1. Working from Cα positions, state the angle (0 to 90°, nearest 10) between the long axis of helix 104-129 and the longest principal axis of the chain.
2. How would you rank F112, F52, going from fewest to most other Cβ atoms within 10 Å of each one's own Cβ?
3. In straight Cα distance, which aspartates and glutamates are under 19 Å from K228, not counting same-chain residues fewer than 8 positions off?
4. Could you give the angle, 0 to 90 degrees to the nearest 10, between helix 70-98's Cα long axis and the longest principal axis of the Cα atoms of the chain?
5. Given an 8 Å cut-off on Cα distances and at least 6 residues of separation, report the relative contact order of the chain as a percent.
6. Expressed in nm to one decimal, what extension gain is obtained for the pair M126 and N237 from 0.36 nm per residue of sequence separation less their Cα-Cα distance?
7. Note the angle between two axes, namely the Cα long axis of helix 2-23 and the longest principal axis of the Cα atoms of the chain, as a number of degrees from 0 to 90, rounded to the nearest 10.
8. For the chain, give the magnitude of the charge dipole about the Cα centre (Cβ charges: +1 Lys/Arg, -1 Asp/Glu; no others), in debye to the nearest 20.
Amino acid sequence: MIYNAMFLCGLCLMLIAARASAEELILRAPLVPVRSATVYAGMNARMQQVNFEVGDRVVKGDTLMVLTRRDLLVKETAARIALKKAQTLQARLEVLHDKNLISDQQLENVRFDAEVAHYNWVAARMELDRTAIIAPQDGMVVEVNVKPGDWVLAYTAVARVIDHMDLQVHLLVPEDMLNAIRMNMPLSAVPTAGRKRALPGRIVGISPVIDPENGTCKVMGLFLNAGKHVRPGALVNVTIGR
């Protein structure tokens with residue numbers, strides 16, 4: 001009787017251990033930034049100045065680099081002068097119109113010319129503004145691919161900016177383990193090198209399809225503020241279900 005009770009107790013412990021191990025899945029993947037932006041040049045031009053280096057922090061709207069295009073500067077200057085001339089003429093003719101010295105049609109024509117001059121200047125200003133390459137988000141500069149004096153082609157990747165604090169992993173979970181996976185399930189990530197501090201996270205995305213080639217499903221995990229403890233790109237062992 002005693003031996004039967006011991007056997008049943010041992011069997012129960014084995015079942016509990018088997019269940020715990022079945023609910024946990026350890027996968028290896030790199031931690032990558034949640035927000036990452038590649039910055040491109042908007043035109044063919046020569047690089048005039050580079051304001052930030054790799055590792056520098058930037059704020060959205062900062063001018064990362066400046067391209068030089070003298071033809072655009074001349075075009076904008078000419079458009080600005082033409083606008084000022086048109087506005088000055090309009091102001092003079094409005095005074096004459098108030099004194100009934102010119103017709104309504106004459107004043108309307110001058111106002112139309114001034115409006116056209118304004119939009120010509122706006123177009124020239126917008127084109128000139130494209131010579132400034134702007135940071136698209138807050139974060140850290142992790143790539144700078146050009147230097148002053150380089151000739152840059154339009155749509156060339158010149159820099160990359162990442163949010164280095166919030167990190168994520170993309171896991172390939174076997175199909176037979178999907179029943180145990182759910183949204184907001186806790187994750188634990190331990191770096192494979194250096195510090196062994198476990199980073200807490202959660203599941204924030206589960207693909208609705210299974211890859212027919214390898215029988216896995218993509219699952220995305222989020223680790224808020226993990227950048228305080230590890231660098232983006234660090235390889236981690238991710239435990240699901242702990």
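1. Roughly 40 degrees, rounded to the nearest 10.
2. So the residues, fewest neighbours to most, are F112, F52.
3. Output for K228: D56, D138, D163, D166.
4. 50 degrees
5. 30 percent
6. Full-extension gain reported as 35.1 nm.
7. 20 degrees
8. 720 debye
Every read-out reported here was derived from the displayed coordinates using simple, explicitly stated rules and does not represent laboratory data. The structure displayed is predicted, hence computed values, not measured ones. FYI the Cβ positions are ideal-geometry reconstructions off the backbone, even for glycines, and counts take in every protein chain you see.
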